[in-house]
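Heads up: the structure comes next, in structure tokens.
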Amino acid sequence: MIEQKYDLHCHSSYSDGELSPGDVVLRAVEHGVTTLALTDHDTLSGLAEAQQIAKQYELNFIPGIELSCLWNKKTFHILGLNVDANNAELLAGTRQLKNIRYERAKEIANKLEKNKIPGAFQAVQDSAGVGMITRPHFANFLIKQGHVSTMQSAFDRYLGQGKSAFVNTQWVELEDAVQWIKAAGGIAVLAHPMRYKLTASWLRRFLTAFKEMGGLGIEVVTGRSNPDEIRRTIHFAQQYELYGSVGSDFHSPKNQWVELGRLAPLPKNIKPVWDLFTQ
Ligand code: AMP
Ligand code: MN
Ligand code: MN
Ligand code: MN
């Protein structure tokens, strides 16, 4: 039997990824991935194309999404894995999030304009096309205009929390996000649990609430996890009896640190989230 390689978190050009959904699938195949979930921010629009290309390569394709939501006024990313991309409730949720992103983009552009940087709104609309407008679109605009030289410095100077063009976004509520995923027959998974800079006690409060709402999984291994983060996440997965997921969070071939399928293995003592895909 060939070795199975899972990657259950990545992005295409329908959100802040660089490659088209089809090219994400091709790249995953090249890197030996056997099961791939495309999880664009707040949109299902890239899934049909990815699914179609995956069929040609016998890649096991899992339709997914990464929803931006709020819990206790803090932003969290919840992955919906194995969702029905035609579910009316989830689709309505994505339309709501698209509006939120559109209005937020106007506000970010206004703030940049106050910083004597005009033209951002038109530029990000053009580059996002039919996809979601994200902060990386603004970062790329700032790089092109010569205001910063890297994505990181765009966040450090303008787009990151508390910086001059930061907008405190009213995402949807966690409870709604989890409900939409469940309605679409999917599995709700907390993405990159160590990236929220929460204390252990806040993370425990979050996981208690998430479980009550029907959350089932936690991303134990990401493309950038270090061994200590994996060890700490295993502890939470076990304590809260959550299924473990693995996902690179791949966005672009230009980021040499993150690649499709390049992931530490899921620790043996964790129940794999893919056990739920067949049920
Ligand atoms: P948004 O959902 O529009 O707020 O954009 C968030 C996305 O920006 C994340 O999914 C990352 O892909 C990217 N991102 C966030 N922080 C940084 C950072 N410091 N440097 C580079 N990319 C970032
Ligand atoms: Mn992203
Ligand atoms: Mn995320
Ligand atoms: Mn992501």
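Coordinate-derived values only; no laboratory data. Keep in mind the model is a prediction, meaning the values are calculated, not measured. Note that we place each Cβ from the backbone using ideal geometry, even for glycine, and neighbour counts take in every protein chain shown.
Would you call TYR14 within 16 Å of ligand 1 (Cβ to nearest atom), under 27 Å from LEU97 (Cβ atoms), in contact (Cβ under 8 Å) with a residue 24 or more places away in the chain and among the aromatic types (Phe, Trp, Tyr)? Against the criterion (within 16 Å of ligand 1 (Cβ to nearest atom), under 27 Å from LEU97 (Cβ atoms), in contact (Cβ under 8 Å) with a residue 24 or more places away in the chain and among the aromatic types (Phe, Trp, Tyr)), TYR14 qualifies. Counting just the residues of the stretch 210-245 that are in contact (Cβ under 8 Å) with a residue 40 or more places away in the chain, out of contact with any Gly (no Cβ under 8 Å at 6 or more places or on another chain) and outside any helix (DSSP H, G or I), which one comes out farthest from TRP180 (Cα to Cα)? Top of the filtered list is LEU216.
Kindly indicate whether GLN170 is in contact (Cβ under 8 Å) with a residue 60 or more places away in the chain, over 22 Å from GLY17 (Cβ atoms) and surrounded by fewer than 19 Cβ atoms within 10 Å (Cβ to Cβ).
It is true that GLN170 is in contact (Cβ under 8 Å) with a residue 60 or more places away in the chain, over 22 Å from GLY17 (Cβ atoms) and surrounded by fewer than 19 Cβ atoms within 10 Å (Cβ to Cβ).
In summary, GLU3 fulfils each of the numbered conditions (1) under 19 Å from ARG262 (Cα atoms); (2) buried (at least 24 other Cβ atoms within 10 Å of the Cβ) with the single exception of condition (2).
Given the condition more than 16 Å from ligand 1 (Cβ to nearest atom) and over 26 Å from LEU263 (Cα atoms), answer yes or no: does some residue in the stretch 19-36 qualify?
No, the stretch 19-36 has no match at all.
Of the helices (runs of 4 or more DSSP H) that lie entirely inside the stretch 51-148, those containing 1 or more residues that are more than 14 Å from TRP171 (Cα to Cα), more than 16 Å from ligand 2 (Cβ to nearest atom) and among the polar types (S, T, N, Q) span 88-114, 120-128.
Just to be sure before I move on: is LEU198 more than 16 Å from ligand 4 (Cβ to nearest atom), over 23 Å from TYR14 (Cα atoms) and among the hydrophobic types (A, V, I, L, M, F, W, C) in the structure I sent? Here the answer is yes, as LEU198 does meet what is asked.
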